[in-house]
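Colleague: What follows is a single structure, and I will ask about it in a moment.
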Amino acid sequence: MTEVEIKKHKMAAERLEAVKNATFKFISKNIGKTSEYDVNKFILSEFKKRGLEPDDDYSAVIVAVDQNAAIPHYLPKKDKSAKIKGNCLVLIDIWAKLNGDNAPFADISWVGYTGKDIPLEIKTAFDRVIGARNFAVKFIQESLRKKRLPDTQEVQSAVTKHFGKMEKYFIHGAGHSLGIQKCHGNYFRFSRKSSAKMKIEIPFTIEPGLYFPGRFGIRSEINCYIDRDYQMRITTKVQKEIIKI
């Protein structure tokens, strides 16, 4: 991508951060009174307010509570949407681009909890996901020190192995490139079946997750790109703790 396109991606990432912060504040003020669908509508209104536009293929973003968060691509529907009550895990995954042409997407996932005492099993899963995300960053950086772009399959395998005994709960790719027309770009994606190499100056996500059917799911998603000096640049905020909503 061009320097201008990279700049537009960074601007979208900054605005998504503001949307994320506003969203958790909205939830905090409306615990017990709002639903996943209501929060989805709030997020889309924030996009419009901040000059962002979603992917045309989606009329919703991911807002998922407790067991719904165990479904990686869960999208809330008006007639089947959970209330956000006290002592709930909340996962949001939001993606958008600046209005106009030649503007790449940004795409982030964060988790929060609507209570003071976060259950140990949620804390444990969160720590494992954060560890896998950080491991993926270090794995890519180690390859870049040798002036080598890693294979996407290598990154996927490394993240999967890092989960160890919890590997079976990691059920999707570790990330994907970010496109201009669509959030999921056609440049590359992390997959066990992929033979593609990562590319210079193409923004991408790192987004490991663990999903426990009928219970809850955790995902942490950051955006990055590799510059011409083989330095990895992280363009989004990095979640280190579960947000207490």
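Quick grid of which residues meet (1) in contact with a His (Cβ under 7 Å, 6 or more places away or on another chain); (2) at pLDDT 95 or above; (3) of a type in the set (S, T, N, Q):
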residue: His184; (1), (2), (3): yes, no, no
residue: Tyr187; (1), (2), (3): no, no, no
residue: Ser191; (1), (2), (3): no, no, yes
residue: Ser194; (1), (2), (3): no, no, yes
residue: Ile200; (1), (2), (3): no, yes, no
residue: Phe204; (1), (2), (3): yes, yes, no
residue: Leu210; (1), (2), (3): no, yes, no
residue: Ile218; (1), (2), (3): no, yes, no
residue: Ile222; (1), (2), (3): no, yes, no
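Colleague: So the check is Cβ under 6 Å with 6+ separation or different chains; which pairs have a first residue in the stretch 79-91 that's without any contact (Cβ under 8 Å) to a residue 60 or more places away in the chain and a second one that's among the hydrophobic types (A, V, I, L, M, F, W, C) and not in a loop (DSSP other than H, G, I, E, B)?
Modeller: Close Cβ pairs (under 6 Å, with a partner that is among the hydrophobic types (A, V, I, L, M, F, W, C) and not in a loop (DSSP other than H, G, I, E, B)) amount to Ala82/Val65; Ile84/Ile27; Ile84/Val65; Cys88/Val65.
Colleague: Still on this structure: Consider the stretch 28-69. How many of its residues are out of contact with any helix residue (DSSP H, G or I) (no Cβ under 7 Å at 6 or more places or on another chain), acidic (Asp, Glu) and more than 21 Å from Leu89 (Cβ to Cβ)?
Modeller: 3
Colleague: Kindly establish whether Ile171 is among the β-branched types (Val, Ile, Thr) and over 23 Å from Leu120 (Cα atoms). Steps first, please.
Modeller: Numbers: among the β-branched types (Val, Ile, Thr): yes; over 23 Å from Leu120 (Cα atoms): no.
Answer is no for this residue.
Colleague: Here's a follow-up. Do we find that Glu5 is within 15 Å of the chain's Cα centre (by Cα), over 22 Å from Phe216 (Cα atoms) and either among the hydrophobic types (A, V, I, L, M, F, W, C) or part of a helix (DSSP H, G or I) (or both) in this structure? Before you say what the answer is, go through the steps one by one.
Modeller: Working: within 15 Å of the chain's Cα centre (by Cα): no; over 22 Å from Phe216 (Cα atoms): yes; either among the hydrophobic types (A, V, I, L, M, F, W, C) or part of a helix (DSSP H, G or I) (or both): yes.
Here the answer is no, as Glu5 does not meet what is asked.
Colleague: I need every pair where a residue in the stretch 158-175 that is within 16 Å of Phe135 (Cβ to Cβ) has its Cβ under 7 Å from the Cβ of a residue that is surrounded by fewer than 20 Cβ atoms within 10 Å (Cβ to Cβ) and among the β-branched types (Val, Ile, Thr), sequence separation at least 6 or different chains.
Modeller: Glu167/Thr160; Phe170/Thr160
The values are calculated or read from the model by the stated rules, or taken from the named source; none is laboratory data. Fair warning: this is a prediction, and the values are worked out from it, not measured in the lab. In this analysis, Cβ positions are derived from the backbone assuming ideal geometry, glycine residues included, and neighbour counts consider all displayed protein chains.
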